[in-house]
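Q: Structure in C-alpha coordinates, see below.
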Amino acid sequence: MLGPPGAGKGTQAVELARKLEVTQVSSGDLFRQHERQGTELGRLARSYMERGVLVPDDVTIKMVMGWIRAPEQAKGFVLDGFPRTLAQAGALDRELEDIGGIDNVLYIKVSQDEMTRRLSSRLICRNCQRPYHQSSSQPSESGKCDSCGGELYQRSDDRPQAVEKRIEVYEEETEPLVQYYRSAGKLEEIDGEGSIEGVRQAAVSAVGG
Ligand code: AMP
(Lines give C-alpha, C1' and ligand atoms only; values in the text may rest on other atoms or scores of the structure.)
Protein backbone atom coordinates (compact mmCIF):
# COMPACT_ATOMS: atom_id res chain seq x y z
CA MET A 1 0.00 0.00 0.00
CA LEU A 2 1.51 3.27 -1.11
CA GLY A 3 0.20 6.73 -0.29
CA PRO A 4 0.64 9.77 1.92
CA PRO A 5 0.22 9.72 5.69
CA GLY A 6 -3.49 9.60 6.50
CA ALA A 7 -4.51 8.05 3.16
CA GLY A 8 -6.07 5.09 4.95
CA LYS A 9 -3.36 2.56 4.06
CA GLY A 10 -3.56 0.83 7.43
CA THR A 11 -7.33 0.35 7.38
CA GLN A 12 -7.26 -0.91 3.81
CA ALA A 13 -4.25 -3.18 4.36
CA VAL A 14 -6.10 -5.00 7.15
CA GLU A 15 -9.25 -5.36 5.01
CA LEU A 16 -7.34 -6.54 1.95
CA ALA A 17 -5.28 -9.09 3.86
CA ARG A 18 -8.49 -10.49 5.37
CA LYS A 19 -10.08 -10.75 1.95
CA LEU A 20 -7.02 -12.40 0.37
CA GLU A 21 -6.44 -14.60 3.43
CA VAL A 22 -2.84 -13.51 3.78
CA THR A 23 -0.92 -11.72 6.52
CA GLN A 24 -0.24 -7.99 6.69
CA VAL A 25 2.22 -5.74 8.43
CA SER A 26 2.71 -2.03 9.00
CA SER A 27 6.36 -1.02 9.40
CA GLY A 28 5.20 1.83 11.67
CA ASP A 29 3.36 -0.68 13.87
CA LEU A 30 6.50 -2.85 14.06
CA PHE A 31 8.49 0.17 15.25
CA ARG A 32 5.79 1.13 17.78
CA GLN A 33 5.74 -2.46 19.04
CA HIS A 34 9.51 -2.30 19.62
CA GLU A 35 9.03 1.03 21.35
CA ARG A 36 6.44 -0.44 23.73
CA GLN A 37 8.70 -3.40 24.47
CA GLY A 38 11.55 -0.99 25.23
CA THR A 39 14.02 -2.64 22.83
CA GLU A 40 17.11 -0.87 21.53
CA LEU A 41 15.50 -0.70 18.07
CA GLY A 42 12.39 0.83 19.64
CA ARG A 43 14.43 3.57 21.32
CA LEU A 44 16.29 4.29 18.12
CA ALA A 45 13.09 4.38 16.03
CA ARG A 46 11.40 6.70 18.51
CA SER A 47 14.08 9.34 18.07
CA TYR A 48 13.14 9.54 14.37
CA MET A 49 9.40 8.92 14.60
CA GLU A 50 8.74 11.69 17.09
CA ARG A 51 10.30 14.17 14.64
CA GLY A 52 8.22 12.86 11.74
CA VAL A 53 11.29 11.74 9.76
CA LEU A 54 12.13 8.30 8.41
CA VAL A 55 14.05 5.70 10.37
CA PRO A 56 17.31 4.94 8.45
CA ASP A 57 17.00 2.48 5.57
CA ASP A 58 19.44 -0.15 6.87
CA VAL A 59 17.55 -0.55 10.16
CA THR A 60 14.12 -0.52 8.50
CA ILE A 61 15.07 -2.96 5.74
CA LYS A 62 16.55 -5.43 8.24
CA MET A 63 13.42 -5.34 10.41
CA VAL A 64 10.93 -5.75 7.55
CA MET A 65 12.95 -8.48 5.80
CA GLY A 66 13.02 -10.37 9.08
CA TRP A 67 9.22 -10.23 9.10
CA ILE A 68 8.89 -11.24 5.41
CA ARG A 69 11.15 -14.28 5.87
CA ALA A 70 9.00 -15.78 8.65
CA PRO A 71 7.13 -18.94 7.57
CA GLU A 72 3.70 -17.32 8.22
CA GLN A 73 4.29 -15.04 5.26
CA ALA A 74 4.95 -17.84 2.74
CA LYS A 75 1.41 -17.64 1.30
CA GLY A 76 1.71 -13.94 0.54
CA PHE A 77 1.30 -10.68 2.44
CA VAL A 78 0.22 -7.06 2.34
CA LEU A 79 2.80 -4.40 3.21
CA ASP A 80 1.67 -1.09 4.66
CA GLY A 81 4.18 1.76 4.99
CA PHE A 82 7.05 -0.16 3.38
CA PRO A 83 8.81 0.54 1.08
CA ARG A 84 9.03 4.29 1.64
CA THR A 85 12.29 5.08 -0.18
CA LEU A 86 13.86 3.93 -3.45
CA ALA A 87 16.54 2.07 -1.44
CA GLN A 88 13.82 0.12 0.39
CA ALA A 89 12.03 -0.67 -2.89
CA GLY A 90 15.31 -1.97 -4.33
CA ALA A 91 15.88 -4.17 -1.29
CA LEU A 92 12.36 -5.57 -1.59
CA ASP A 93 12.88 -6.33 -5.28
CA ARG A 94 16.08 -8.20 -4.48
CA GLU A 95 14.44 -10.13 -1.65
CA LEU A 96 11.57 -11.26 -3.91
CA GLU A 97 13.64 -11.66 -7.08
CA ASP A 98 12.82 -15.35 -7.47
CA ILE A 99 9.08 -14.63 -7.64
CA GLY A 100 9.32 -11.50 -9.79
CA GLY A 101 8.92 -8.98 -6.97
CA ILE A 102 5.63 -7.84 -5.49
CA ASP A 103 2.44 -8.34 -7.52
CA ASN A 104 0.64 -5.01 -7.08
CA VAL A 105 1.22 -1.59 -5.63
CA LEU A 106 -1.99 0.13 -4.57
CA TYR A 107 -1.46 3.87 -4.58
CA ILE A 108 -4.13 5.53 -2.44
CA LYS A 109 -4.37 9.20 -3.31
CA VAL A 110 -5.75 11.97 -1.07
CA SER A 111 -5.32 15.75 -1.15
CA GLN A 112 -3.05 17.52 1.32
CA ASP A 113 -6.03 19.18 3.08
CA GLU A 114 -7.66 15.82 3.59
CA MET A 115 -4.41 14.27 4.93
CA THR A 116 -4.00 17.02 7.52
CA ARG A 117 -7.66 16.86 8.51
CA ARG A 118 -7.60 13.08 8.96
CA LEU A 119 -4.33 12.91 10.89
CA SER A 120 -5.24 15.67 13.31
CA SER A 121 -8.50 13.95 14.24
CA ARG A 122 -7.10 10.41 14.40
CA LEU A 123 -7.01 8.26 17.53
CA ILE A 124 -5.27 4.88 17.66
CA CYS A 125 -5.82 1.86 19.90
CA ARG A 126 -2.81 1.44 22.17
CA ASN A 127 -3.29 -2.31 22.10
CA CYS A 128 -4.26 -3.38 18.53
CA GLN A 129 -3.41 -0.16 16.63
CA ARG A 130 -6.87 0.15 15.05
CA PRO A 131 -7.43 3.76 13.91
CA TYR A 132 -10.57 5.88 14.58
CA HIS A 133 -11.61 9.25 13.16
CA GLN A 134 -13.99 11.88 14.50
CA SER A 135 -15.74 12.25 11.14
CA SER A 136 -15.88 8.78 9.63
CA SER A 137 -15.25 6.06 12.20
CA GLN A 138 -15.90 6.88 15.84
CA PRO A 139 -15.69 4.15 18.48
CA SER A 140 -19.04 3.04 20.01
CA GLU A 141 -17.73 3.98 23.46
CA SER A 142 -15.61 7.13 23.70
CA GLY A 143 -11.90 6.45 24.28
CA LYS A 144 -12.27 2.67 23.93
CA CYS A 145 -11.43 0.36 21.02
CA ASP A 146 -14.43 -1.53 19.54
CA SER A 147 -12.22 -4.49 18.57
CA CYS A 148 -10.29 -5.14 21.77
CA GLY A 149 -11.39 -2.62 24.43
CA GLY A 150 -7.92 -1.01 24.43
CA GLU A 151 -7.34 2.64 25.30
CA LEU A 152 -7.42 5.14 22.40
CA TYR A 153 -4.70 7.79 22.17
CA GLN A 154 -3.31 10.38 19.77
CA ARG A 155 0.07 9.43 18.30
CA SER A 156 2.64 12.11 19.12
CA ASP A 157 3.55 12.24 15.43
CA ASP A 158 -0.10 13.06 14.55
CA ARG A 159 0.31 16.47 16.23
CA PRO A 160 0.44 19.41 13.80
CA GLN A 161 4.22 20.03 13.72
CA ALA A 162 5.15 16.41 13.09
CA VAL A 163 2.34 16.04 10.54
CA GLU A 164 3.76 18.91 8.51
CA LYS A 165 7.20 17.27 8.55
CA ARG A 166 5.79 13.84 7.63
CA ILE A 167 4.03 15.29 4.59
CA GLU A 168 7.26 17.00 3.49
CA VAL A 169 9.23 13.76 3.97
CA TYR A 170 6.58 11.84 2.04
CA GLU A 171 6.82 14.20 -0.91
CA GLU A 172 10.61 14.10 -0.99
CA GLU A 173 11.38 10.48 -0.24
CA THR A 174 8.31 8.36 -0.91
CA GLU A 175 6.55 10.01 -3.85
CA PRO A 176 9.35 8.94 -6.27
CA LEU A 177 8.11 5.38 -5.70
CA VAL A 178 4.94 6.23 -7.66
CA GLN A 179 7.01 6.61 -10.83
CA TYR A 180 9.21 3.64 -9.91
CA TYR A 181 6.24 1.27 -9.71
CA ARG A 182 4.38 2.92 -12.60
CA SER A 183 7.38 2.21 -14.85
CA ALA A 184 7.41 -1.37 -13.59
CA GLY A 185 3.72 -1.68 -14.61
CA LYS A 186 2.68 -2.50 -11.04
CA LEU A 187 0.91 0.67 -9.95
CA GLU A 188 -2.86 0.72 -9.37
CA GLU A 189 -4.19 4.19 -8.53
CA ILE A 190 -7.11 4.49 -6.14
CA ASP A 191 -9.04 7.59 -5.09
CA GLY A 192 -8.71 7.55 -1.30
CA GLU A 193 -11.28 10.28 -0.60
CA GLY A 194 -14.37 8.11 -0.95
CA SER A 195 -15.95 6.05 1.84
CA ILE A 196 -13.92 3.30 3.51
CA GLU A 197 -16.17 0.76 1.78
CA GLY A 198 -15.74 2.41 -1.62
CA VAL A 199 -11.96 2.41 -1.28
CA ARG A 200 -12.07 -1.19 -0.08
CA GLN A 201 -13.97 -2.29 -3.18
CA ALA A 202 -11.55 -0.43 -5.45
CA ALA A 203 -8.59 -2.05 -3.67
CA VAL A 204 -10.05 -5.54 -3.98
CA SER A 205 -10.81 -5.11 -7.68
CA ALA A 206 -7.30 -3.67 -8.25
CA VAL A 207 -5.78 -6.96 -7.10
CA GLY A 208 -8.05 -8.99 -9.31
CA GLY A 209 -11.31 -9.14 -7.39
P1 AMP B 1 3.37 5.10 10.02
O2 AMP B 1 2.77 4.35 11.15
O3 AMP B 1 3.43 4.31 8.75
O4 AMP B 1 2.75 6.46 9.81
O5 AMP B 1 4.90 5.36 10.42
C6 AMP B 1 5.23 6.13 11.55
C7 AMP B 1 6.71 6.47 11.54
O8 AMP B 1 7.48 5.26 11.56
C9 AMP B 1 7.20 7.20 10.30
O10 AMP B 1 6.97 8.60 10.36
C11 AMP B 1 8.68 6.85 10.32
O12 AMP B 1 9.38 7.59 11.31
C13 AMP B 1 8.66 5.39 10.79
N14 AMP B 1 8.55 4.46 9.62
C15 AMP B 1 7.52 3.62 9.33
N16 AMP B 1 7.76 2.93 8.22
C17 AMP B 1 8.97 3.33 7.77
C18 AMP B 1 9.77 3.02 6.64
N19 AMP B 1 9.36 2.13 5.72
N20 AMP B 1 10.98 3.63 6.51
C21 AMP B 1 11.41 4.51 7.43
N22 AMP B 1 10.70 4.89 8.52
C23 AMP B 1 9.48 4.31 8.68
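The values are calculated or read from the model by the stated rules, or taken from the named source; none is laboratory data. Because the structure is a prediction, the values reported are computed rather than measured. With ideal geometry, Cβ positions are generated from the backbone for all residues, glycine too; neighbour counts draw on all protein chains shown. For accessibility, only protein heavy atoms count, side chains too; no ligands or nucleic acids. Shrake-Rupley method; radii C 1.70, N 1.55, O 1.52, S 1.80 Å.
Q: Provide the gained length on full extension for the span R94 to R126, in nm with one decimal, where the gain is 0.36 nm per separating residue minus the Cα-Cα distance.
A: Result: 8.1 nm gained on full extension.
Q: While we're looking at this one, here's another question. What's the longest piece of the chain with no exposed trypsin sites (Lys or Arg not before Pro), counting a site as exposed if DSSP puts it in a loop and it has at most 10 other beta carbons within 10 Å?
A: Here the longest segment lacking exposed loop sites spans 76-209.
Q: Kindly list the residues of the stretch 115-150 that lie in the label zone of E197, defined by a backbone N under 16 Å from the point 7 Å along the Cα-to-C-beta vector.
A: Residues passing the 16 Å test: 136-138.
Q: How large are Rg and Dmax for the stretch 56-143 when calculated on the C-alpha trace, in angstrom?
A: That works out to 16.6, 48 Å for Rg and Dmax.
Q: Please compute the per residue accessible area over the chain with all protein chains in place, 1.4 Å probe, rounded to a whole number of Å².
A: Accessible surface, normalised per residue, equals 53 Å².
Q: Taking the Cα atoms of the chain alone, what are Rg (to one decimal) and Dmax (as a whole number) in Å?
A: Over the chain's Cα set, Rg and Dmax evaluate to 16.3, 48 Å.
Q: Also, quick follow-up: So if I take the centroid of the Cα atoms in the stretch 1-16 and the same for the stretch 117-184, what is the distance between those two points in Å?
A: Here the two parts' Cα centres lie 9 Å apart.
Q: Ok, one more. Got a number for carbon plus sulfur as a percent of the stretch 5-101's accessible area, 1.4 Å probe?
A: The C+S portion of the solvent-accessible surface of the stretch 5-101 is 51 percent.
Q: List, in the order given, every pair from K62/K165; K19/K75; K19/K62 whose Cα-Cα distance in the structure shown is over 22 Å.
A: K62/K165; K19/K62
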